[in-house]
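Shown next, in structure tokens, is the structure this report addresses.
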Amino acid sequence: MSTPKTIFSPASGIGPFDRSQSERQLALEYLAEAWNSAEDDGLEPASLAHASLFAALATFVKLHGDEATADLVAQLPDRIRNGEYNLERILQ
């Protein structure tokens, strides 16, 4: 599957996942394609982001439970501050 550059494509050209996580990369490409289609249909990126977060968190709760999901979310501030979700950062 070939997906054009999207908000999910790092500026450095290095993917957010290594080769051992190819299923996650493929899933991200599917999501990028759906995201692009939704934007083409006029949906705002902020609305897409909120819906995506809700769907992701609801799925984590279903699969892993409330407590494990809360623990995961509690780690997010530090991970965000460390640049793990910054698509403009350059990985070395």
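No value in this document is a laboratory result; all are computed from the given coordinates. Since this is a predicted model, take the numbers as computed values, not measurements. Neighbour counts run over all protein chains shown; Cβ positions are idealised from the backbone, glycine included.
Annotations for the structure displayed:
- Filtered residues of region 56-74 (kept if of a type outside the set (S, T, N, Q), farther than 16 Å from Tyr85 by Cα and surrounded by 11 or more Cβ atoms within 10 Å (Cβ to Cβ)): Leu57, Ala58, Phe60, Val61, His64, Gly65, Ala68, Ala70, Asp71
- Among the residues of region 36-51, the one identified as surrounded by 15 or more Cβ atoms within 10 Å (Cβ to Cβ) and closer than 23 Å to Val73 by Cα is Leu48.
- Subset of region 76-92 [surrounded by 10 or more Cβ atoms within 10 Å (Cβ to Cβ) and of a type outside the set (Ser, Thr, Tyr)]: Leu76, Arg79, Ile80, Arg81, Asn82, Gly83, Glu84, Asn86, Leu87, Arg89, Ile90, Leu91
- Every pair of residues 6+ apart whose Cβ atoms lie under 8 Å, when the first sits in region 48-75 and is closer than 26 Å to Glu33 by Cβ while the second is among the polar types (S, T, N, Q): Leu57/Thr69; Phe60/Thr69; Val61/Thr69
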